[in-house]
1. Could you run through segment 30-49 and say how many residues are closer than 20 Å to C4 by Cβ and loosely packed, with under 11 Cβ neighbours inside 10 Å?
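The values are calculated or read from the model by the stated rules, or taken from the named source; none is laboratory data. These figures come from a predicted structure and were not determined experimentally. When we count neighbours, we look across all protein chains shown, and the Cβ atoms used for this are built from the backbone with ideal geometry, even at glycine.
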Amino acid sequence: MKYCPERLAEISQPFVQVSGKRGGTGLGLTISSRLAQAMSGELSATSTP
């Protein structure tokens, strides 16, 4: 999925839907990020042109 570089910081925030084109709660990446942190890991995202 494509994200604008300026919006990457927002993608793991609760209830944020960056694309706005799909249904959902905006919690998927928040939950994934917190699960990774709980296991001493991290979730990251990058954007390339």
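1. Of the residues in that region, 4 qualify.
Conditions tested, residue by residue: (1) modelled with pLDDT of 85 or more; (2) of a type in the set (A, V, I, L, M).
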{"site": "K2", "(1), (2)": "no, no"}
{"site": "P5", "(1), (2)": "no, no"}
{"site": "L8", "(1), (2)": "no, yes"}
{"site": "Q13", "(1), (2)": "no, no"}
{"site": "Q17", "(1), (2)": "no, no"}
{"site": "T25", "(1), (2)": "no, no"}
{"site": "T30", "(1), (2)": "yes, no"}
{"site": "M39", "(1), (2)": "yes, yes"}
{"site": "E42", "(1), (2)": "yes, no"}
